[in-house]
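J.: Provided herewith is a single structure, encoded as structure tokens, for subsequent inquiry.
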Amino acid sequence: MSRFFKTAIFAGVPFGLLMGLFFALRYGSAFGCAGGLAGGVLFGLTMASFVAWQSSRFSRQAPALEGERIRHQGPANHFRGWEGVGGWLYLTDKRLLFRSHGFNVQRHELSMPLTEVADVQACSTAWVIPNGLRIVTEKSAERFVVEGRRDWVEQIRLAKG
């Protein structure tokens, strides 16, 4: 299944179910089912389109990293407090680099040298969603939402040597 449709389904189905329940309670079951289905499809396609656009934009505009080679990259959310700041995560042979996109309240860049990474773990977000990445340093623990979290863990461990 293509990444676009996978994103549309994983974003649209939960949204559609919640909207269907809301509309069913508010306006009746027939309207609830139709409204939930329509809302889920529109929301899923909108989110998948946004992810595809951001992915194409960030992969075309890779940062100029003198003396570094990008080993792995992809869309990510970096948690700052309770906000998941959307952007792009790069793994080079020397560091992890996160750059937020322009549609965030808390725009920022985070750079973590691999020498400071003490541990990397796959984790769950909201205690149940298997898409989290936890990076532990001596000073802090950073959390990300990524696609292919186990691949990220493996790639970071390989880059650390």
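The values are calculated or read from the model by the stated rules, or taken from the named source; none is laboratory data. All values derive from a computational prediction rather than experimental measurement. Don't worry about glycine lacking a Cβ; one is built from the backbone with ideal geometry, like all the others, and counts go over all protein chains shown. Heads up: the accessible areas ignore ligands, DNA and RNA and are worked out on the full protein's heavy atoms, side chains in. Shrake-Rupley method; radii C 1.70, N 1.55, O 1.52, S 1.80 Å.
J.: Give the residue, chosen from SER29, SER49, that is hydroxyl-bearing (Ser, Thr, Tyr), at negative phi, open to solvent by less than 70 Å² (accessible area, probe 1.4 Å) and out of contact with any helix residue (DSSP H, G or I) (no Cβ under 7 Å at 6 or more places or on another chain).
T.: Values: SER29 fails: open to solvent by less than 70 Å² (accessible area, probe 1.4 Å).
On inspection, the qualifying residue turns out to be SER49.
J.: So VAL117 ticks every box in (1) within 15 Å of the chain's Cα centre (by Cα); (2) open to solvent by less than 10 Å² (accessible area, probe 1.4 Å) but one. Which box is left unticked?
T.: (1)
J.: Can you tell me how many residues within the stretch 109-127 are touching a residue at least 12 places away in the same chain (Cβ under 8 Å) and at positive phi?
T.: The qualifying residues number 0.
J.: On to the next question. Please find, among PHE79, PHE103, PHE144, the residue that is closer than 21 Å to PHE4 by Cα and at pLDDT 85 or above. Outline the logic, then answer.
T.: Details: PHE79 fails: closer than 21 Å to PHE4 by Cα; PHE103 fails: at pLDDT 85 or above.
Residue meeting the stated conditions: PHE144.
J.: Any idea which residue in the stretch 1-26 is most open to solvent (accessible area, probe 1.4 Å), counting only those that are among the aliphatic types (A, V, I, L, M) and more than 25 Å from the chain's Cα centre (by Cα)?
T.: First, pick out the residues of the stretch 1-26 that are among the aliphatic types (A, V, I, L, M): 1, 8-9, 11, 13, 17-19, 21, 24-25.
From the residues that got through so far, the ones that are more than 25 Å from the chain's Cα centre (by Cα) too are 21, 24-25.
Details: LEU21: 100, ALA24: 36, LEU25: 141 Å².
Filtering first and then ranking leaves LEU25.
J.: Next up: As an exercise: evaluate GLN54 against (1) at pLDDT below 85; (2) open to solvent by 30 Å² or more (accessible area, probe 1.4 Å) and give the number of the one condition it does not meet.
T.: Tallying (1) at pLDDT below 85; (2) open to solvent by 30 Å² or more (accessible area, probe 1.4 Å), GLN54 fails exactly one: (2).
J.: Another question, then. Considering only the stretch 128-139, I want to know if a residue exists there that is on the phi > 0 side of the Ramachandran plot and either assigned to a loop (DSSP other than H, G, I, E, B) or loosely packed, with under 12 Cβ neighbours inside 10 Å (or both). If you could, list the steps in order and put the result at the bottom.
T.: Within the stretch 128-139, the first condition is being on the phi > 0 side of the Ramachandran plot, and the residues that meet it are none.
Within the stretch 128-139, not a single residue is on the phi > 0 side of the Ramachandran plot and either assigned to a loop (DSSP other than H, G, I, E, B) or loosely packed, with under 12 Cβ neighbours inside 10 Å (or both).
J.: Based on this model, can you work out whether GLY86 counts as without any contact (Cβ under 8 Å) to a residue 40 or more places away in the chain, within 22 Å of PHE4 (Cα to Cα) and touching a helix residue (DSSP H, G or I) at 6+ places or on another chain (Cβ under 9 Å)?
T.: On the way: without any contact (Cβ under 8 Å) to a residue 40 or more places away in the chain: yes; within 22 Å of PHE4 (Cα to Cα): yes; touching a helix residue (DSSP H, G or I) at 6+ places or on another chain (Cβ under 9 Å): yes.
In short, yes.
J.: Output the residues belonging to the stretch 135-157 that are free of Cβ contacts under 8 Å to residues at least 40 places away in the same chain and more than 17 Å from GLY87 (Cβ to Cβ). Break it down into steps so the answer makes sense when it comes.
T.: Quick first cut of the stretch 135-157, residues free of Cβ contacts under 8 Å to residues at least 40 places away in the same chain only: 135-141, 149-150, 153-154, 157.
Hits for the stretch 135-157 are VAL136, THR137, GLU138, LYS139, SER140, ALA141, ARG150, VAL153, GLU154, ARG157.
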